[in-house]
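Worksheet: one structure, shown below.
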Amino acid sequence: AVSTLASVMPDPFPVASPPLSEAKRHRTSTRGASPPLEAMSISRAARMAGNEPQQMSALEAERRHYRPCVPAVLRVRVRAEPAQERTTCVSHEDLIASAFPTLYGSPVVSLVPADETDTSVAPRPLRVGCVLSGGTPAAGGHNCICGLFDHLEAFHPGSTLLGFRGGLRGVLRNSFTKLEAATVERHRNSGGFFMIGSGGDLIETEEELALAVRIARNNSLDGLVIIGGSASNANACLLAERFAAEGLAARVVGVPKSVDGHLKSEQVELPVGFDSASKLYSELVGNVMTDCTSSRKYYHFVRLMGRDASHLALEVALRTRPNLVLLGEEAAQ
């Protein structure tokens, strides 16, 4: 519901116009007149600089108070508990084992509440980087960063959270901003990836991997959190393998986000963004169906995202009950 409300907001950060001359004031007061170009330019410049004005609608202000439900294990200090079970894969085991010689076969790790006497999880300050990666923003990306910031504040006081700008290319360019409480609060419960920007670039070549290692070491990173889709999480695996092989302290964490809903497993019920996308699309499709029932004149064909994974189309169909659903997987057969 939060994402649906956000989608109809015309401008969550309305920008006040600069002082106008008497002639301009008269011209812009005319009914139906467009806002002055100067005001539009200032609005864009403020957004690009990350200095959004603090004015907001009552709905936007109320939305900031929402606090997502956090799993109980993340409300306390935790420690990693290795299991007897080893990591594996469902196919191409030889190929994957050769690509990840350091990490493949590592113990499966669970997070469990830490004992107060456990010195291995002492509340020391950490330096953590985060990246919003991928070509398509998904609802919840900002809240992943907000949750990370909140956890560091609660259990590792004095920590530093660095937001690498523009996706993974921001890592290669060492382009980041230190995320402060004011910035985090300004983007809490908001859609899009505009807090630090996103991008579809990947770190793939030997030179790029070596550069990423050097930047992580120079910034004394304890962790790097990559919030992205399938390609971004595959890239996170490559970085984790390289960091481990080089003996870096930084741990790489991949957070699955996808409106397509195809990044899931026994441990991950749904990727970030799928629930909001399915609810929003269901509302739109439901509106079209209401129009069809009213006019009885047209056939409407609605194409949804998903490429070769039709989880989103199927979920919307289950919610709205259209006459016919065409699934990409079935069409391929």
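The values are calculated or read from the model by the stated rules, or taken from the named source; none is laboratory data. Remember, predicted model here, so these are calculated numbers, not experimental data. With ideal geometry, Cβ positions are generated from the backbone for all residues, glycine too; neighbour counts draw on all protein chains shown. These accessible areas exclude ligands, DNA and RNA; they are computed on the full protein's heavy atoms, side chains included. Shrake-Rupley method; radii C 1.70, N 1.55, O 1.52, S 1.80 Å.
Structure data summary
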read-out	value
When residues of the stretch 255-307 are limited to those that are crowded, with 22+ Cβ neighbours inside 10 Å and charged (D, E, K, R), the one nearest to the chain's Cα centre (by Cα)	Lys257
Hits in the stretch 128-155 (condition: outside any helix (DSSP H, G or I) and surrounded by fewer than 20 Cβ atoms within 10 Å (Cβ to Cβ))	Gly135, Thr136, Pro137
Answer residue from the stretch 70-86, given it is more than 12 Å from Ala114 (Cβ to Cβ) and part of a strand (DSSP E or B) and is farthest from the chain's Cα centre (by Cα) among those	Gln84
Residues of the stretch 75-111 that turn out to be open to solvent by less than 90 Å² (accessible area, probe 1.4 Å), closer than 24 Å to Leu161 by Cβ and either hydrophobic (A, V, I, L, M, F, W, C) or free of Cβ contacts under 8 Å to residues at least 60 places away in the same chain (or both), as a count	5
Asp201, sole failed condition from (1) in contact with a Leu (Cβ under 6 Å, 6 or more places away or on another chain); (2) within 23 Å of Leu270 (Cα to Cα); (3) part of a loop (DSSP other than H, G, I, E, B)	(2)
Pair list, Cβ < 6 Å and 6+ apart or interchain, from the stretch 280-303 residues that are in a helix (DSSP H, G or I) to residues that are among the basic types (Lys, Arg)	Ser282/Arg319
Candidate set from the stretch 185-202 (those that are among the aliphatic types (A, V, I, L, M) and surrounded by 20 or more Cβ atoms within 10 Å (Cβ to Cβ)); member that is nearest to His142 (Cα to Cα)	Met195
Some residue of the stretch 260-279 being touching a Cys at 6+ places or on another chain (Cβ under 9 Å) and over 21 Å from Ala331 (Cα atoms)	yes
Boolean, Gly166 is within 19 Å of Gly254 (Cβ to Cβ) and either surrounded by fewer than 17 Cβ atoms within 10 Å (Cβ to Cβ) or in contact (Cβ under 8 Å) with a residue 12 or more places away in the chain (or both)	yes
Test: Ser159 is open to solvent by 10 Å² or more (accessible area, probe 1.4 Å), of a type in the set (Ser, Thr, Tyr) and under 23 Å from Asn233 (Cβ atoms)	no
